[in-house]
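The values are calculated or read from the model by the stated rules, or taken from the named source; none is laboratory data. Computed from a predicted structure; not experimentally measured. As a convention, Cβ positions derive from the backbone with ideal geometry for all residues, glycine included, and neighbour counts pool all protein chains shown.
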Amino acid sequence: MKVQFIQKSVFQQLKKPEAFSRKGDNGQVLVLAGSRQYHGPVFFAGIAASRIVDLVYLATAREHKNWAKKQSPEFIVTDLTKKSVAKYINRVDSILIGPGMQNSLANRRLANWILQYHKKTKTVLDATAFQLVSPKALHSNCCITPHAQEFENFFGVSASPQNALKKAKEFDCLVCLKSHYSLVTDGKKIWQNPKGNPGLTTGGTGDVLAGLITGFAAQNPLLLSSQAALYLLGATADSLYTKKRFMFNAVDLLDEVPLVFKSLTK
């Protein structure tokens with residue numbers, strides 16, 4: 001099994017905004033995140049995506065809506081219900097399901113409805129999504145972003161590059177396995193991220209990654225988006241390490257991402 005490193009050149013392949021584009025032309029995403037217990041993922045994933053696309057529709061728990069609206073005036077906030085999500089889902093280019101969501105019957109029905117009836121829309125699954133759906137619900141427009149324990153719980157096998165490759169092939173999806181050296185596989189090849197450091201173990205960094213993948217995926221192929229997001233997150237962590245050693249967090253990542261992206265796209 002040959003493992004390739006993700007190259008900086010992926011950033012030259014990303015679609016650039018057209019000179020005379022209008023609001024919405026450069027990507028619209030739908031983020032399903034948050035619960036009474038977890039509010040951070042709403043912020044981390046939503047802001048990360050908003051760095052890339054024109055519009056972010058944020059479906060979150062009802063008790064969370066006012067808080068979410070205060071986090072960014074860019075968020076278009078709605079309830080985390082099928083009725084509310086249905087108003088926006090046909091407008092968006094990509095969807096993120098899972099960060100900080102509650103494992104409830106209503107959320108399971110919502111997540112499975114999206115995967116079953118909106119297969120043409122690129123969809124990223126993270127965190128609680130692995131408790132809401134089964135591997136059988138995955139399809140070719142899905143990218144999943146588990147860490148090792150989530151991978152093992154979801155697929156019932158140990159987390160390894162070989163098993164990530166096998167499961168990506170078996171369920172016709174992308175697997176972005178988060179580890180010391182994160183990787184992404186389409187079931188045919190494996191691309192490993194050469195960037196990153198242990199500072200990425202801090203809470204919220206996985207939400208940032210999921211938001212970046214979803215943001216890039218709005219206007220780019222899902223595999224390219226995953227590669228670019230992995231590399232960008234790792235390079236951003238490395239940039240912060242030179243300034244702060246390991247004294248950085250997910251908020252610092254969000255602030256640093258645009259600067260690192262600029263350096264990578266020169």
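Observations on the structure shown:
- Qualifying residue in the stretch 235-244 (condition: among the aromatic types (F, W, Y), out of contact with any Asp or Glu (no Cβ under 9 Å at 6 or more places or on another chain) and assigned to a helix (DSSP H, G or I)): yes
For (1) closer than 16 Å to W191 by Cβ; (2) free of Cβ contacts under 8 Å to residues at least 40 places away in the same chain; (3) of a type in the set (A, V, I, L, M), each residue gets a yes or a no:
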{"position": "G211", "(1), (2), (3)": "no, no, no"}
{"position": "S225", "(1), (2), (3)": "yes, no, no"}
{"position": "Y231", "(1), (2), (3)": "yes, no, no"}
{"position": "K244", "(1), (2), (3)": "no, yes, no"}
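- Test: residue in the stretch 4-26 that is more than 23 Å from P221 (Cβ to Cβ), outside any helix (DSSP H, G or I) and touching a helix residue (DSSP H, G or I) at 6+ places or on another chain (Cβ under 6 Å): no
- Scanning the stretch 135-175 for residues that are in a helix (DSSP H, G or I) and among the acidic types (D, E) yields E150, E152, E170.
- L240 being modelled with pLDDT of 95 or more, closer than 18 Å to I52 by Cβ, buried (at least 18 other Cβ atoms within 10 Å of the Cβ) and of a type outside the set (D, E, K, R): no
- Evaluating E18 against the criteria (1) surrounded by fewer than 13 Cβ atoms within 10 Å (Cβ to Cβ); (2) in contact with a strand residue (DSSP E or B) (Cβ under 8 Å, 6 or more places away or on another chain); (3) of a type in the set (D, E) leaves one unmet condition, (2).
- Candidate set: the stretch 140-177, residues that are β-branched (V, I, T), free of Cβ contacts under 8 Å to residues at least 40 places away in the same chain and within 23 Å of L212 (Cβ to Cβ); chosen: the one surrounded by the fewest Cβ atoms within 10 Å (Cβ to Cβ): I144
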